[in-house]
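Take a look at the structure below.
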Amino acid sequence: MAAVRAYHERSKHGYARYAASLGFLDWDSQPDPFRRFVGTELRRLPVPSASPSVTQPASSHGSSPASSPASSPAPSGERADAREGAPSYEALFHPGTIPPRPLDRESLSAFFFHSLALSAWKQIETARWSLRVNPSSGNLHPTEGYVWLPPVEGVCAEPGLHHYAPKEHGLEGRASVGSADWAALMAGLPDDAFLVGLTSIPWRESWKYGERAWRYCEHDVGHALGALRLAAALNGWDLVSLPDLSDATLAVLLGLHRPEDFEADEPECPALMAVVCPRPAPASPAAPAAPASDLCTWRPSAAGVAAVRAARWSGRANALSSDHHAWAVIAEVDRAARKGEAFRLARPCPTPAAPMPLDRSDDVPPASRVIRARRSAVAMDGTTGLSRQGFFDMLSRTTPARCAVPWDALAAPTLIDLGLFVHRVGDVPPGLYALVRDPARVERLRAAMQDEFEWATPEGCPDGLALFRLAECDERRTAAAVSCGQDIAADGAFSCGMLAEFEGPLSRWGAPLYRHLFWETGVIGQVLYLEAEALGIRSTGIGCFFDDPVHDVFGLKGRAFQSLYHFTVGGAVDDPRLQTEPAYPSPA
């Protein structure tokens, strides 16, 4: 706990000082964005033929000028046209609406294609870089994906662990086991279930961001978890993480217990594992199917873990850089926040108290297009606004009391609220607002903030959305100032700080909860990204903000609540110099 608290304070930005970093970019040591395992077989997955085309310039996350949406944007706050026959974006958030696909080569390809794959290539003059479906700070992508699969025709003849290679859209075999060992590993899980895991390579972020990089790695894990959950939903599948799984066990399941397979200066750290259920068990009056979220407490047996240790392993990770700058504090906080066998956090996502209705109208965009077209703006136009209904719907998607998906994937307490700077939302007066994502926390947050705040419910606010106006005012200059002076926080329709209930939960659950707080912010960010895309506008995460000045805006003292991530939503600015190329060659 002392190490976590010390890191949190040390990695804060302020008006007088930034968290430590090199202060320049050493291009000679820039990490390779693509992990490969030398000595393994790569099996390419088929590129789905119905992938949306990207015809307009679009930006990578925080690395190049911004753009308009992939197709002609709909009017602000209105949803774009749907493609006939494709699952709608709305359907992602209503389990049971999309029929489940069987686990096969095509559905597995679609799962990764809509979660961790490349989404486009960008070029400006001689510089060329890739974008991905899952967002990342600085487009640096510290997150790696792995999957434990049963035999799948055309992919693997026997059960085993595979690494997902996004550049090639394929799977690299890392380990294989026999059918009896697979049964031991998966004991207690539904038939056809498989496991998907995430890791982080902190060096990819610390190369640019120094000591603050560990924070960015963790909310990128949240981005990826949100992307995986919604990709599973697009296949009609359930996905739930395993918050109680110890990091020692997770390291074995992901092959990280084998130091000889990795470069010493480029440690790959365990993040999380999730269970994917492609075929929900049929319900009957005598034996109703258990919700997939009830699986969040599952743990592999000792026999299953032993079988993984004894598996047939292959491959060695490629070197990402020729030189490195070590940040000792990142290794310290990562060790301090790891989970032991006694850690207990998991809890199924409750049924929404005021669920959003399924929108079956013709103007809902197809889910695939929204997911694949997601981009991060790096500049806003300062004029585009958002309708009041679009604003309320967007915030409702971030609230478990209104929308179960993707929050069922976290399987953890809801501990993040939003401190909102509203600039251009129709029929919603500009000013400071608070969205309390767990209504049970309203009084605690209210007591922690300034006494003079209004705490008034905006006109038209739907039931179950704990949104409050704190002060009616023009906060554009303040929003930019506390976001490291970045105008993007003032030039959108709104921006927000993600406020974590911090000291109390850390004291209750211990240092490993620190990671979960960032994961929750990342899932919120992924939802905001997609909601903006569905409305024909854009958004972006803001990792650079002045921590304590943000707290001062809302009157927060001490560490009871802490801002962990910022976000902005609005009309993006195009850069006509950017050229866009498809992520993968068109299928034959």
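Please give me the summed charge of the neighbours of L140: other residues whose Cβ is under 12 Å from its Cβ, Lys and Arg +1, Asp and Glu -1.
Numbers: positive: R132, R204, K208; negative: D32, E205, D220.
Net of charged neighbours comes to 0.
Any idea what the relative contact order of the chain is, in percent, if you count C-alpha pairs under 8 Å spaced at least 6 apart?
Details: 1394 pairs, mean separation 134.8, N = 588.
The normalised contact order for the chain reaches 23 percent.
Within a 10 angstrom radius of the beta carbon, how do C296, C484, C473 rank from fewest other beta carbons to most?
Going from sparsest to densest Cβ surroundings: C473, C484, C296.
Based on Cβ point charges of +1 for Lys and Arg and -1 for Asp and Glu, what charge dipole magnitude is obtained for the chain about its Cα centre, in debye rounded to the nearest 20?
Details: 55 positive and 69 negative charges, 131 e Å.
For the chain, the charge dipole is close to 620 debye.
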- Note on the structure: DSSP beta bridges in the chain: the antiparallel percent, rounded to 5, is 95 percent
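Rounded, prolate or oblate, given the Cα gyration tensor of the chain, with a/c below 1.5 counting as rounded? Walk me through the intermediate numbers first.
Working: a/c = 1.32, a/b = 1.27, b/c = 1.04.
Rounded is the answer for the chain, as its axis ratio a/c remains below 1.5.
Taking neighbour Cβ counts within 10 Å as the exposure measure, how do H566, H163, H324 sort from fewest upward?
In increasing order of surrounding Cβ atoms, one gets H324, H163, H566.
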- Magnitude of the Cβ-charge dipole (Lys and Arg +1, Asp and Glu -1) of segment 425-483 about the Cα centre, nearest 20 debye, reported as 300 debye
- Using a basic spin-label model with each label point 7 Å from the Cα along Cα→Cβ, how many nm lie between F34 and D265? 2.3 nm
- What residues of segment 539-553 lie in the reach of a label at A16, counting those whose backbone N is under 15 Å from a point 7 Å from the Cα along Cα→Cβ? 547-549
- Task: Figure the gain on full extension for A353 and S49 (residue separation times 0.36 nm, minus the Cα-Cα span) and round it to one decimal in nm.
- Result: 105.6 nm
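How high is the relative contact order of segment 534-588? Use alpha-carbon pairs under 8 Å, at least six apart in sequence, and give a whole percent.
Working: 36 pairs, mean separation 25.2, N = 55.
Taking the mean separation of contacting Cα pairs over the length of segment 534-588, I get 46 percent.
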- Which far-off residues, 5 or more places away or on another chain, put their amide H under 5 Å from the one on E41, with H placed in the peptide plane? G173
- For the charge dipole of the chain, defined by +1 on Lys and Arg C-beta atoms and -1 on Asp and Glu C-beta atoms about the Cα centroid, which residue among H141, A302, A480 has the Cα displaced farthest towards the positive pole? A302
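Hey, can you list the DSSP H helices of the chain whose Cα span along the axis is 27 Å or longer and whose average Kyte-Doolittle score is at least -1.0?
Values: long enough: 213-234 (32 Å, 0.33); 513-534 (32 Å, 0.35).
Membrane-span-like by this rule: 213-234, 513-534.
Quick one: which of K208/K557; K167/K339; K122/K208; K12/K339 span more than 29 angstrom between C-alpha atoms? It would help to have the intermediate numbers written out before the result.
Numbers: K208/K557 31 Å; K167/K339 31 Å; K122/K208 20 Å; K12/K339 24 Å.
Beyond 29 Å between Cα atoms: K208/K557; K167/K339.
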- Message: Give me the mean projected area, in nm² to one decimal, of the convex hull enclosing the Cα positions of segment 98-347.
- Response: 14.8 nm²
- Sort by residue number and name the cysteines in the chain that have no neighbouring cysteine Cβ under 4.7 Å. C156, C217, C269, C277, C296, C349, C403, C461, C473, C496
- Extreme residue, positive dipole direction of segment 332-419, given options V370, A412, T383 (C-beta unit charges): A412
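As an exercise, use a Förster radius of 51 Å and the Cβ-Cβ distance of I124 and R309 to find the FRET efficiency, rounded to the nearest 0.05.
Working: r = 47 Å, r/R0 = 0.93.
About 0.60, to the nearest 0.05.
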- Query: Classify segment 376-570: rounded, prolate or oblate, from the alpha-carbon gyration tensor (a ≥ b ≥ c, eigenvalue square roots; a/c under 1.5 rounded; otherwise prolate if a/b is larger than b/c)?
  - Reply: rounded
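Give the order of I371, I124 when sorted by the count of other beta carbons within 10 angstrom, beginning with the fewest. Numbers along the way, then the final one.
Values: I371 27, I124 14.
Going from sparsest to densest Cβ surroundings: I124, I371.
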- Note, S176: beta-carbon cut-off 9 Å, +1 each Lys/Arg, -1 each Asp/Glu, net +1
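Say R0 is 56 Å: what FRET efficiency, to the nearest 0.05, do C473 and T297 get from their beta-carbon distance? Write out the running numbers ahead of the final one.
Values: r = 46 Å, r/R0 = 0.82.
In this case the efficiency is close to 0.75.
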- Task: Can you check what the net charge comes to around D334, using other residues whose Cβ is under 10 Å from the Cβ of D334 (Lys, Arg +1; Asp, Glu -1)?
- Result: 0
- Point-to-point label distance, E459-D363, nm (Cα→Cβ direction, 7 Å offset): 2.2 nm
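None of the figures in this text is laboratory data; all of them are computed from the coordinates on show. This is a predicted model, so every value here is computed, not measured. Note that we place each Cβ from the backbone using ideal geometry, even for glycine, and neighbour counts take in every protein chain shown.
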